[in-house]
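> The structure under discussion is supplied below as structure tokens; questions concerning it will follow.
The values are calculated or read from the model by the stated rules, or taken from the named source; none is laboratory data. Source: prediction; values computed, not measured. Methodologically, a virtual Cβ is constructed for each residue, glycine included, from the backbone with ideal geometry; neighbour enumeration extends over all protein chains shown.
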Amino acid sequence: MRRLLILILLSVLPGTSAMAIEEPEYEVLLREGEIEFRRYEPYIVAEVTEARDNRAFRILAGYIFGDNVEQEKMQMTAPVERRGADMSFVMESKYAMDSLPAPNDQRIRLRELPARVVAVREFSGRWTERSFARHEQSSLDGLASLGIETTGEPELARYNGPFTPWFLRRNEIIVPVNWSGVDVVEETSERIATEAAARL
């Protein structure tokens, strides 16, 4: 029964259904080439340390399907996030830390991510380590060329279920960055645009 519920959950992830899936709110601060700089407000995640994707997903899916002290069923959100060996599900915005049901599985941690500015590079394709590594390096190279200081390790965000065709999948490499560096990039872009307009 649990496996059947997980398959149903996978089928309603974005890209496999017309259902609206909640995502964390953010503000786009700047776009520079293929990189988008966003400011996220704090949001809560349920997180587990497990390197194997399928196993980590099953653990977290069990929690939102009612394997918690309140036996409360919650809605699936997007994206599913990876930070090293940690996988996390974003919790619905209606919850606070003190209103989320405690997980029965002690491997699951509930925590609030602080407000932050990140650099995001979107890509589609299959979920392979080689693909992730290539896009991660492209993101880091792009930030280095812009002179942006990173403040954390790259993260992977996946917005679609496995039944979504690989060429339609929305994936993102997310890198926490120093906001003051982004300010410099924005000022430089504006100056270049102004100078170009003046030459016309």
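> Might you let me know whether region 118-131 holds any residue that is surrounded by fewer than 19 Cβ atoms within 10 Å (Cβ to Cβ), in contact with a His (Cβ under 7 Å, 6 or more places away or on another chain) and of a type in the set (Phe, Trp, Tyr)?
yes
> Out of region 145-158, which residues are surrounded by fewer than 19 Cβ atoms within 10 Å (Cβ to Cβ) and within 27 Å of Glu22 (Cα to Cα)?
The answer is Thr151, Gly152, Glu153.
Matching residues to (1) surrounded by fewer than 18 Cβ atoms within 10 Å (Cβ to Cβ); (2) in a helix (DSSP H, G or I); (3) at pLDDT 95 or above; (4) not small (Gly, Ala, Ser):
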residue	(1), (2), (3), (4)
Arg39	yes, no, yes, yes
Val48	no, no, yes, yes
Arg55	yes, yes, yes, yes
Glu81	no, no, yes, yes
Phe89	no, no, yes, yes
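> Considering region 131-177 alone, what residues qualify as being without any contact (Cβ under 8 Å) to a residue 40 or more places away in the chain and not in a helix (DSSP H, G or I)?
Residues satisfying the conditions are Gly147, Ile148, Glu149, Thr150, Thr151, Gly152, Pro154, Pro165.
> Can I ask one more? Would you check if Thr128 is among the polar types (S, T, N, Q) and modelled with pLDDT of 95 or more?
For Thr128, the condition - among the polar types (S, T, N, Q) and modelled with pLDDT of 95 or more - is not met.
> Determine whether region 4-20 contains at least one residue that is modelled with pLDDT of 95 or more and under 29 Å from His135 (Cα atoms).
No: zero hits.
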